[in-house]
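Contents: one structure, followed by commentary.
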Amino acid sequence: MMTGVDLPDTIPVFPLPGALLLPRARLPLHIFEPRYLAMIEDVMKTPERLMGMIQPYESASGKTRLHDIGCAGRLTAFSETEDGRYMITLSGISRFRVRREVEGFTPYRRCDVSWSGFERDRGAVETDPGMRRDDFLKLLGRFFEERGLSTDWESLDEAEDELLINSLSMLCPFDCEERQALLESPTLVERRETLVTLIEFALHGGSGEETMQ
């Protein structure tokens, strides 16, 4: 576990639309763009091996900007393909808030960040004692059936609260802003409530039918 003392003030960021990383979850990535290959090489030279995943968005002026909040992950697995691509795994450490983007000579983007307010991310595994798991999985089953998705239901049923909710938040086919809402949910309980709302909205078109929290 990393503490606030271990976390650097400046980190490289990977603005990848639709890619969501959450604390204590793992995100596999396939890296092939030259600027991000360079970023991974630089990250591996640092003691923390941290990089930030963050959602980009297009502003009203048409410029690509970064959301204020992202999640940093530690590079915990790395392999290289014969043609020079990298296959990596990031293990989520903590969310962060962007203070400013750093100008510099690297081909990738870097940001000065604040870790304040996200101490929960670096603490104990969260639980959700109020979750009605059977009802939640039934709702999820209807969503998966409608979208033509499949999963290992036995593993989902046996997963701890945090692993279940965070894994589904990362894997379900939501748009970028919906994923950002899941990322910014302060607690696991609020993330589950957001997840349920998004699933119900997808199933009922926002009609409010059969709501379940």
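Residues are listed down the side, and each one gets a yes or a no for (1) out of contact with any Ser or Thr (no Cβ under 8 Å at 6 or more places or on another chain); (2) more than 17 Å from residue 192 (Cβ to Cβ):
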site: 129; (1), (2): yes, no
site: 143; (1), (2): yes, no
site: 159; (1), (2): no, no
site: 173; (1), (2): yes, yes
- Scan segment 32-56 for residues that are touching a helix residue (DSSP H, G or I) at 6+ places or on another chain (Cβ under 6 Å) and at pLDDT 95 or above and jot them down. 49, 51
- Name the pairs whose Cβ atoms lie under 8 Å apart, with the first residue in segment 113-124 and touching a residue at least 24 places away in the same chain (Cβ under 8 Å), the second surrounded by fewer than 12 Cβ atoms within 10 Å (Cβ to Cβ) and small (Gly, Ala, Ser), and 6 or more positions between them or separate chains? 115/4; 119/4; 122/4
- Note on the structure: Picked from segment 86-107 (must be among the small types (Gly, Ala, Ser) and modelled with pLDDT of 95 or more), the residue surrounded by the fewest Cβ atoms within 10 Å (Cβ to Cβ) is 91
- Item | Lone unmet requirement of (1) at pLDDT below 95; (2) part of a strand (DSSP E or B); (3) more than 18 Å from residue 180 (Cα to Cα) for residue 79 | (1)
- Item | Test: residue in segment 35-46 that is touching a residue at least 24 places away in the same chain (Cβ under 8 Å), under 12 Å from residue 12 (Cα atoms) and part of a strand (DSSP E or B) | no
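The values are calculated or read from the model by the stated rules, or taken from the named source; none is laboratory data. Quantities reported herein were computed from a predicted structural model and do not represent experimental measurements. Positions of Cβ are backbone-derived with ideal geometry, glycine not excepted, and every protein chain shown enters the neighbour counts.
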